[in-house]
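Peer 1: Encoded as structure tokens, here's the structure I'll be asking about.
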Amino acid sequence: MLRYIVHRILLMIPTLFGVAILVFGMLRLMGGDPVEVMMRGDGGNVSQAVIEQERVRLGLDRPIYVQFGKWLGGMATGDFGVSMWTGKPVSQEIASRLQLSLQVAVMATVLAVLIAIPLGTLSALYKDTWIDQVIRVISIGGLAVPSFWLGMIIILVLLSYFHWHPPITFTPFLENPRENLAQLIWPALAVGYRYSAVATRMMRSTLLEVLQEDYIRTARAKGVYERLVVVRHALSNAMLPVVTVIGLEFAFLIGGLVVTEQVFNLNGIGKLFVQAVARSDFTMIQSLVLLIAAFFILINFAIDLMYAWLDPRIRYR
Amino acid sequence: MSAVPGTFEIAYKVPRRRHPVLAFAVQQPLGAAGLAIIVLMLAAAALAKWVSPYDPLAVDYGGILAPPSWQHVLGTDNFGRDVFSRIIFGSQTALSVGFLSSLGGCTLGAIIGVASAYFGGKTDMIVQRFMDVILAFPIIVLALAVVGLMGKNVVFGIDWNLIIAIGLPMVPRVARVVRSSALAVREMPYIDAARTAGFSHARIIFRHIVPNVVAPYLIMLTASVGQAILLEASLSFLGLGVTEPTPAWGLMLSGSAIDFYQQAPWMIVFPGVAISLAVFAFNLFGDSLRDWLDPRIKI
């Protein structure tokens, strides 16, 4: 097991290195000029000399491989560089927003699981009845509705019927848990709907498959209570693919977050990223992309490890 | 019915020959419903000029934020533009970007998948690692990065860099599915026979392998169009996709639409319904197509 974990972690390094090369190369070869965007973006009349000076200050005049080496070297010591737009350290900018985005992501995942497992189970147990039909329509809809639009509709409803407007400032959880949850539950719901839809569909189809197995019939023949058959025998075996899907869908969760943060006026990682792209803030874009990619790979790794815990037959070597 | 103990009748029905489209509609009613919506959207996009009651770009300051009425079925926006006409013209943007990016992304993915499976060994290994790198990017992050980096490149009224940005994340996903199908085909005796006969790689690939991976390719293609429409809407909403004055559904929701939440909810509700309906239709059709062609394929 330990060997497997070490092996997987070592395999992550070349992938992340590839991501770093790709994003860095794309930025330098095809990207716009961050200095131009910053100084002339609003039509300001800035002399070429000043622009050149700024370029030297940001290290953009150096050869690409030197810049790349400097960035990698910095990251090895935990230094992601400074934002080309604000001049503040990238790590500081990210850290101040990470809590919010992470909290919404976790809440969305929890919501999705809490919705998906009972709905998927009901749908499978009452296959082809109206309960099943309703749940299926709800879950197919979840794949089609854009999360940012769902967020707008949620705000619209809250505004019209409850006169509630998303607050402009963010309340950290430790400061006022109630306020914080009341603020973040809606974006989490908007993002989590798609998530729960995918998981519900997976839950339904795997549970239907598992219920056909011989051991379910055996359990029923032994006279085990139906509830126990479903919970103990069927559900525990149907969880594996559902967990996989939750991991795979994490990519969509981040995507939903990037767009939904704009709707709810949340100053999180997504907003930071969109701003960085709009401003050609190279250091910010490359660090964020690498960070998100690393996070994504780690999540999938964690899910692989969870298999072994959920299904003792799986042994990693 | 002769009930001889210990024997049983085999119910054998001669299958009726139906037109394939009709057969699909009968076996997959939900998929047929999706197909009907898609056809309707295609017709609306193609005939937009004649179907839409107003010019989608015509500004009318006398009639801004008008609620839905017989004159303006879905109301007007903050420039007095007819929302219904803008939604009809928006289908042109959604469908063209959706189809072009899916066609490009899925075709490139399929080529890489087939080549990777056919040549195997080191080639396969290197290609797959490269695909892993692209897969490590969450979809919208990759698309945003490409859009942000490459800017705009409008030819024939279509932003080709946007097409690349939306198509690129599909490539590794399609490549993976097609590769696994092609790997199974590669082991077939007729491939060995073709090799023994001394056929070129190109001939074996195009004549013997490609026809066998058309089903997964088509399934991925239809499923991708819905995702592409969703992604285009998200990018346009962020202001990094289609830009004004082109009518696009995501764009209709962005910018000032937020300020008119209470005054003009129709500005927000209807474009979102259009996006959802379009994606819904392609998902339904793609799902049913999979069940019909090859239920084992995992999208």
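Throughout, read-outs are computed from the coordinates displayed, never taken from laboratory work. In this text, all values refer to a predicted model and were calculated from it rather than measured experimentally. We place every Cβ from the backbone using ideal geometry, glycine too, and count neighbours over all the protein chains shown.
Peer 1: Rounded, prolate or oblate for segment A:91-316? Axes are the square roots of the Cα gyration tensor eigenvalues, ordered a ≥ b ≥ c, and the cut-off for rounded is a/c under 1.5.
Peer 2: The shape class here is prolate.
Peer 1: Also: Name the residue, out of A:LEU150, A:LEU272, A:LEU114, whose mean-square fluctuation peaks in a Gaussian network model built on chain A with Cα pairs under 10 Å.
Peer 2: A:LEU114
Peer 1: Continuing with the same structure: Among residues other than A:LEU16 whose Cβ falls under 13 Å from its Cβ, what is the net charge (Lys/Arg +1, Asp/Glu -1)?
Peer 2: +1
Peer 1: Hey, rough spin-label estimate for B:THR107 and A:ILE13, points 7 angstrom out along Cα→Cβ, what's it come to in nanometres?
Peer 2: With each label point 7 Å from Cα toward Cβ, the separation is 4.1 nm.
Peer 1: Can you list the residues, at least 5 places off or on another chain, whose amide H is less than 5 Å from the amide H of B:THR76, using H built in the peptide plane?
Peer 2: For B:THR76, whose amide H was placed from the backbone, the distant partners under 5 Å are B:LEU65, B:ALA66, B:VAL83.
Peer 1: Still on this model: For segment B:122-191, which chymotrypsin sites (Phe, Trp or Tyr not before Pro) are in a loop by DSSP, counting at most 13 other Cβ atoms within 10 Å?
Peer 2: B:PHE156
Peer 1: In addition: Which of B:ARG179, A:ARG136 has the fewest other C-beta atoms within 10 Å, and how do the rest follow up to the most?
Peer 2: So the ranking, lowest neighbour count to highest, is A:ARG136, B:ARG179.
Peer 1: For A:LEU72 and A:LEU98, calculate 0.36 nm times their separation in residues minus their Cα-Cα distance, and state this gained length in nm to one decimal.
Peer 2: 7.2 nm
Peer 1: Write down, largest first, the equivalent ellipsoid semi-axes of segment A:105-221 in whole Å, where each equals the square root of 5 times an eigenvalue of the alpha-carbon gyration tensor.
Peer 2: Sorted largest first and rounded, they come to 35, 16, 11 Å.
Peer 1: Report the Cα-based extents of segment B:113-259 along its three principal axes, largest first, to the nearest Å.
Peer 2: 68, 25, 24
Peer 1: Roughly how many Å is it from the Cα centre of segment B:126-141 to that of segment A:129-150, as a whole number?
Peer 2: 29
Peer 1: Could you give the dipole magnitude of segment A:91-316 about its Cα centre, charging the beta-carbon of Lys and Arg +1 and that of Asp and Glu -1, in debye to the nearest 20?
Peer 2: In total the dipole reaches around 460 debye.
Peer 1: By how many nm would the segment from B:VAL26 to B:TRP292 grow when fully extended, if each residue of separation counts as 0.36 nm and the alpha-carbon distance is taken off?
Peer 2: 94.6 nm
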